[in-house]
Amino acid sequence: MPDRLPPLTAMRAFDAAARHMSFAKAADELHVTPAALSFQIKSLEEHLGAQLFRRLNRAVELTEAGHALAPGVADGFQALAAAWRAAERTQDNQTLTVTAGPAFTAKWLAPRLYEFAQSHPQVELRFSASLKMMDFGRDAIDVAIRFGYGKDEGLYSIPLAEEWVCPVMTPELARRFPTVESLKDAPLIFDDSIGFLKPRSDWQTWFRAVGIEHDPQNGPRFSQADHAIDAALAGVGVVLGRRALVVKDVADGRLVLPFPIALDTGVRFRFLCAQGAESRPQITAFRDWIVTEIDKTSHITEALTRLPSADFQTP
């Protein structure tokens, strides 16, 4: 049996026929005649030394060899298509496709995009708000902003600002609950999206950090951080807000940080792209803009005492 691969045109004919289970439909897809497609399939079978299809009356079905070949051929053409799209993107200096979680997209990116668009009118921005870990090649993504414990192996990765959580509320609520002790009686909001953090950065941990043994359990719970923050903005209660997601509302006065104790989570957002892609003009511009925007609100962090959440865990 020969070791060299058969011609790519024959493999493409097989892939189309295996997907459609019809030589006629495969020929239509490839814009060739059924006779030409049948010739390609026959040449592939001669190269293998075995039949790939059983020819039935007005139908075909895969043989054992055909079943063995079909998945790998399909994956191979998908990989080729993804590689070609990735190569094409290296020649595109205008389009920038960014993926980030829904909360970061809503609370950090969206309120600031006008400024980036004004200063970089040549860049066409596209966003995919998703927690799915996307593949830069397969999913045609240029930049990802991710939060968590990712190792980022094989990627260009820079950490963004340190992430802390701290009670935030409307100015009206702050006047009603002016002390840490009074906060025990305040309506509290629970952001369950940070439940994966180890060590925990929850209400019990924060109260312990300020010297109070209190483990609140009652209050509205949200699976999405931006929804929890929206509830706080509406005056529903007090939420442990993550720096990146509340800092603009704090800077603009819609939310306040009455108590200067924050918990360091030990986790950061990271700016990610494919290794080598960081030098593309639109990616460089977007990275530099994000870093500059973070610096604009660094004074808010300076007013806080940040304590490691690991120091206040339940024994």
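Annotations for the structure displayed:
- Debye, to nearest 20: dipole size of the chain, +1 on Lys, Arg Cβ, -1 on Asp, Glu Cβ: 420 debye
- Cβ crowding within 10 Å averaged over residues, with 187-193, 114-120 ranked highest first: 187-193, 114-120
- Per residue, the convex hull volume that the Cα atoms of the stretch 163-233 enclose (Å³): 95 Å³
- Under a 5 Å amide H cut-off, with hydrogens placed 1.01 Å from N, LEU255 pairs with VAL250 among residues at least 5 apart or on other chains.
- For the chain: relative contact order, % (alpha-carbon pairs under 8 angstrom, 6 or more apart): 20 percent
- The Cα-based radius of gyration of the stretch 8-89, divided by its Kirkwood radius, gives an Rg/Rh of 1.00.
- Each Cα pair under 8 Å and six or more residues apart adds its sequence gap; the mean of these over the residue count of the stretch 8-89 is a relative contact order of 25 percent.
- Think of the stretch 80-169 as a dipole: +1 on every Lys or Arg Cβ, -1 on every Asp or Glu Cβ, centred on the Cα centre; then among PHE147, GLN118, SER128, SER128 lies furthest on the positive end.
- Under a model in which nothing but the beta-carbon of Lys, Arg (+1) and Asp, Glu (-1) is charged, the stretch 8-89 shows a dipole of about 160 debye around its Cα centre.
- All lysines inside 16 Å of LYS42 as judged from Cα atoms, apart from same-chain residues fewer than 8 positions distant: none
- Spacing of the two label points (7 Å from each Cα toward its C-beta) at GLN51 and ASP252, in nm: 7.0 nm
- Value in Å of the Kirkwood radius, where the chain supplies the Cα pairs that are averaged: 23.5 Å
- For the cross-link pairs LYS107/LYS248; LYS248/LYS296; LYS198/LYS248; LYS107/LYS184, the ones whose C-alpha atoms lie over 19 Å apart are LYS198/LYS248; LYS107/LYS184.
- Under 13 Å, Cβ to Cβ, from PRO187 - net charge with Lys/Arg +1 and Asp/Glu -1: +1
Any read-out appearing in this document is the output of simple, stated calculations on the displayed coordinates, not a laboratory observation. In this text, all values refer to a predicted model and were calculated from it rather than measured experimentally. Virtual Cβ from ideal backbone geometry, glycine too; neighbours counted across all protein chains shown.
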